[in-house]
1. Would you mind getting me the FRET efficiency between Asp17 and Lys39? Use the beta-carbon distance for r and R0 = 25 Å, nearest 0.05.
2. Amide H neighbours of Leu10 under 5 Å, at least 5 residues apart or on other chains, H built in the peptide plane: list them.
Amino acid sequence: MSATFTTRLLSLDEASDKLNVSRSTVYRLLGSGHLHAVKIGKSTRILESAVEQLIAEAPRAKIAPNLR
């Protein structure tokens, strides 16, 4: 039996485009725990819903100072 997913998986470049930040910033978000990813083989993928949640919570969360 296979699972059906409705959430899209984004590449690092797609996530950086959606967030309007650099690829390096996406890596910092991953490293700081503000964003989570999965590895599929050698590829890193980020749930689109996680990116959308980060965008929705950004005005309330002080994310930027923690990235430095």
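Every number here is computed from the coordinates shown, using simple stated rules; none is lab data. This is a predicted model, so every value here is computed, not measured. Positions of Cβ are backbone-derived with ideal geometry, glycine not excepted, and every protein chain shown enters the neighbour counts.
1. Between Asp17 and Lys39 the formula returns 0.75.
2. Counting only residues 5 or more places away or on other chains, the set is Ile46, Leu47, Glu48.
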